[in-house]
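The values are calculated or read from the model by the stated rules, or taken from the named source; none is laboratory data. Note that the structure is predicted; figures quoted are calculated from it, not measured. Here Cβ is always computed from backbone atoms with ideal geometry, including for glycine, and neighbour counts include all displayed protein chains. Each accessible area value is taken on the protein alone, full model and side chains, heavy atoms only, with ligands, DNA and RNA left out. Shrake-Rupley method; radii C 1.70, N 1.55, O 1.52, S 1.80 Å.
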Amino acid sequence: MTVVPMKPGRRASTAVRPLLLTAACACTVFLTGCPQAGTPTVAAKTPANATAPALPKTVGGNNVQTAEQTSTNPRVASLIAQVDRSYRSGVTNYRNGQLDAARLDFDFAVDLMLTSGIDIKADSTLSDEFERTVDAVSALEMDALKQGNGFSPKTEEAPIDAVGELTFPAASPELTANLKSTLNVTSDLPLVINDEVAGYINAFANSPAFHAHMLRSLERAGKYKDLIQSVLKQEGVPQDLIYLAVAESGFQPQAMNASSGAGGMWQFMPTGAYGLARNGYFDERFDPEKSSRAYARYIKGLYNQFGDWYLAMAGYNWGPGNIQKAVQRTGYADFWQLYRRNAMPRETKNYVPQILAAIIMAKNPEKYGLDKMNPDAPVLFDTVHVDYSMDLRLAADVTGTSLANIVSLNPALLRLSTPRDIGYDLHLPQGTKDNFTERIAAIPEEKRVSWRFHEAVAGETLDQVAQLFHVSSSDLLAANDLPPDATIETGDDLVIPVANSSGGGGAHPLQYTPRRGDTLVTVADRFNVSTENLRDWNHLSSSYLPAGRKIYVAEPVRLGPSRGRRGRSASARSANSRGSSRGASARGGKTSSRGKAAVAKPAAKKRRR
């Protein structure tokens, strides 16, 4: 699937990382932008015990009977039946307020199709089922978001959203003249201070909400400023156009518009032609570098079309086809002439002066109280190209970092694993690429979806390591080619042969249906997990296991940045267009180094630093 951006401007304030694939917004080809986003609302903090909202009216069954009846391929019909069962299980969990479990079921339904080995696009029935399932899941997600109880963590409002419905009267000529004489407007982007821009500067300066969100946005910008400005320079785009991200997302790479489905730092829609790949494993709209390159190429294309950066910005908001029609209708290829003739909708008229006001304020931080901030540290990373499925916990293990850090470095990933059979540029903490390449080579490629890696700490024994990862001591010895009487020392590297209990490539846990006589203890022993884990994963308040109810027997996937549970030591590391023409393909990204192929032998020698 390809990606197009949404019309920026007013954004719904609820912004989250997507569940899996967000709802598409159908745009009229070339001439129109995406539908207007609704008025922003501030969602109240969701209580910990909040239940799922009522199912939207559009979500019911998944038409599985129709799909099965129209399929002439028994394998496809069987697959669709499995997908529907998982989907319906998700709906049940959703209705019961078990949002994590619902997300797993929905994710698994899509994963069944993606990993089936059947070409989805080549089979119309399966393709229809895929789109139907994604749309239904998206409807549930969007409904949850509107009620402030989404599946994923919320992000903050963009500064311009934070001012709500404030009115922005044009400034007086005296105020405009004063701002012109006192403000720094040096820029590689033509900056003008007229009555409209001065009015927004004045309104923003007197809005505590705008100031707070603007300050936080500029702090967040520290993480990505160097990266984005490097991309803008390479693409021949003015450096100060980085500040469109103030209006679009507040520099949040996982910002999500609950009303339209637009997402990412630059608010691209989930359909289009920008070279931003989107599938069940990752969504490059949320990759800061690749989405920034798509943005730079698109805005440069608009400039080439109109010969004016202000019209390019307006086209980014409303769609180039609409701007072109306004120019032809009025005879003016000038933003301010179109502004004064009301040739654009109010949102687009406001969008450009709002951006200019934000840029000018950012360039005069002392005057507007934006100088006393602590910018976030720049995001620095190494990149390796992987073309196999690997649990992100293993990536954290071999690089000596936390799972949360790996997840935060890879905001485009929708799973806790890299894709199967799809190449992916994985970001690692800076300076860890060599360690990754060396250590991952000790684990067979097909085992990287479940095996872990561990560096021994002082006083640790092999039996303790085996217990920590719920593996047998004999398996641990065999995997590392160690004799029965082996001992380990501080700094020894061990691969951990954790059994792959997931049928879905490590992205989804195995479900087990307890039988009569099963207890929490017997099930925990059978799957080498703890009873505490089973209670946690399945929201169990007691040790009672009702026969016939499926339970998860491996850790559920947590989408988005999360705090991964570690072992007892930190080193327990495991084995288009807004109109439709938004541009040409854009595949950005760092030059990646490719990890070495895994050794054929599944055992790793005992190694010392």
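Taking residues in region 530-550 that are outside the structural domain of residue 471 (by the TED database), and partners anywhere that are of a type in the set (Asp, Glu) and open to solvent by less than 30 Å² (accessible area, probe 1.4 Å), the pairs with Cβ atoms closer than 7 Å and at least 6 places apart or on different chains are 545/518.
Here is the figure for region 478-500: residues that are within 39 Å of the chain's Cα centre (by Cα) and either of a type in the set (Asp, Glu) or in a helix (DSSP H, G or I) (or both) total 4. Of 577, 541, all but one fail to be among the hydroxyl-bearing types (Ser, Thr, Tyr), modelled with pLDDT under 50 and either surrounded by fewer than 20 Cβ atoms within 10 Å (Cβ to Cβ) or assigned to a loop (DSSP other than H, G, I, E, B) (or both); the exception is 577. Restricting 257, 317 to those that are open to solvent by less than 10 Å² (accessible area, probe 1.4 Å), touching a Pro at 6+ places or on another chain (Cβ under 6 Å) and not aromatic (Phe, Trp, Tyr) reduces the list to 317. The residues in region 121-134 that are surrounded by 17 or more Cβ atoms within 10 Å (Cβ to Cβ) and part of a loop (DSSP other than H, G, I, E, B) can be counted, and the count is 1. When the residues of region 335-352 are filtered to those that are open to solvent by 60 Å² or more (accessible area, probe 1.4 Å) and assigned to a loop (DSSP other than H, G, I, E, B), the one that is farthest from residue 244 (Cα to Cα) is 341.
Right, residue 312: small (Gly, Ala, Ser), under 30 Å from residue 417 (Cβ atoms) and part of a helix (DSSP H, G or I) or not? No; evaluated as a whole, the condition is false for this residue. The numbered conditions (1) under 27 Å from residue 197 (Cβ atoms); (2) touching a helix residue (DSSP H, G or I) at 6+ places or on another chain (Cβ under 8 Å); (3) modelled with pLDDT of 95 or more are all true for residue 255 except (3). Residue 404 - would you say it is touching a helix residue (DSSP H, G or I) at 6+ places or on another chain (Cβ under 9 Å), assigned to a helix (DSSP H, G or I), open to solvent by 20 Å² or more (accessible area, probe 1.4 Å) and hydrophobic (A, V, I, L, M, F, W, C)? The answer is yes for residue 404. Only one residue in 177, 205, 170, 221 is out of contact with any His (no Cβ under 6 Å at 6 or more places or on another chain), in the same structural domain as residue 314 (by the TED database) and modelled with pLDDT under 90. Which one? After applying the criteria, what remains is 170. Anything in region 351-392 that is among the charged types (D, E, K, R) and more than 22 Å from residue 253 (Cβ to Cβ)? List them, or say none. Scanning region 351-392 gives 363, 366, 367, 371, 372, 387, 391.
Can you name the residue in region 442-461 that is hydrophobic (A, V, I, L, M, F, W, C) and more than 26 Å from the chain's Cα centre (by Cα) and is also nearest to residue 420 (Cα to Cα) among such residues? The extreme case among them is 443.
Each row is one residue, and each column tells you yes or no for (1) under 30 Å from residue 224 (Cα atoms); (2) surrounded by 18 or more Cβ atoms within 10 Å (Cβ to Cβ).
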| position | (1), (2) |
| --- | --- |
| 419 | yes, yes |
| 448 | no, yes |
| 461 | no, no |
| 483 | no, no |
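Could you please let me know if residue 398 is touching a Lys or Arg at 6+ places or on another chain (Cβ under 7 Å), closer than 30 Å to residue 423 by Cβ and not in a strand (DSSP E or B)? It is true that residue 398 is touching a Lys or Arg at 6+ places or on another chain (Cβ under 7 Å), closer than 30 Å to residue 423 by Cβ and not in a strand (DSSP E or B). With (1) open to solvent by 10 Å² or more (accessible area, probe 1.4 Å); (2) part of a loop (DSSP other than H, G, I, E, B) as the list, and residue 393 as the residue in question, which single condition is left unmet? Tallying (1) open to solvent by 10 Å² or more (accessible area, probe 1.4 Å); (2) part of a loop (DSSP other than H, G, I, E, B), residue 393 fails exactly one: (2). Taking the conditions exactly as written (open to solvent by 20 Å² or more (accessible area, probe 1.4 Å) and more than 16 Å from residue 293 (Cβ to Cβ)), does residue 233 satisfy them or not? No. On the stretch given as region 424-446, residues that are assigned to a loop (DSSP other than H, G, I, E, B), in contact with a strand residue (DSSP E or B) (Cβ under 6 Å, 6 or more places away or on another chain) and over 19 Å from residue 378 (Cβ atoms) total 2.
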